[in-house]
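Here's the structure, in structure tokens; my notes come after.
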Amino acid sequence: MGDALFIAMVVKYCRPLLIGVCARLGQPVLGLLDPRQREVHDYLLAYRDKHVARAVNSYEYNQLRLNYCVDRVAEEG
């Protein structure tokens with residue numbers, strides 16, 4: 001569940017920063033970030049591009065994996 005929440009946060013964060021239909025935030029806003037904030041910003045964009053939005057080879061595709069306990073499926077679903 002942690003991965004899903006992190007990916008949702010990254011997508012939500014990046015959406016107003018990238019090219020598309022809606023108005024986008026630009027360099028004036030990004031210029032307000034201090035060096036640490038800019039480092040985190042750049043990391044989130046790179047993570048999104050590599051792992052979420054633009055996988056470019058077979059090693060970068062994500063696969064869903066579900067783990068469950070057989071003994072608890074009947075009572076918990």
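Some points to look at:
- Each residue in the stretch 29-44 was checked for being surrounded by fewer than 10 Cβ atoms within 10 Å (Cβ to Cβ), modelled with pLDDT under 90 and among the basic types (Lys, Arg), and 0 of them qualify.
- Any hit, the stretch 46-64, residues being assigned to a helix (DSSP H, G or I), at pLDDT 85 or above and small (Gly, Ala, Ser): yes
The values are calculated or read from the model by the stated rules, or taken from the named source; none is laboratory data. These figures come from a predicted structure and were not determined experimentally. Please note: Cβ atoms are built from the backbone with ideal geometry, for glycine as well, and neighbour counts cover all protein chains shown.
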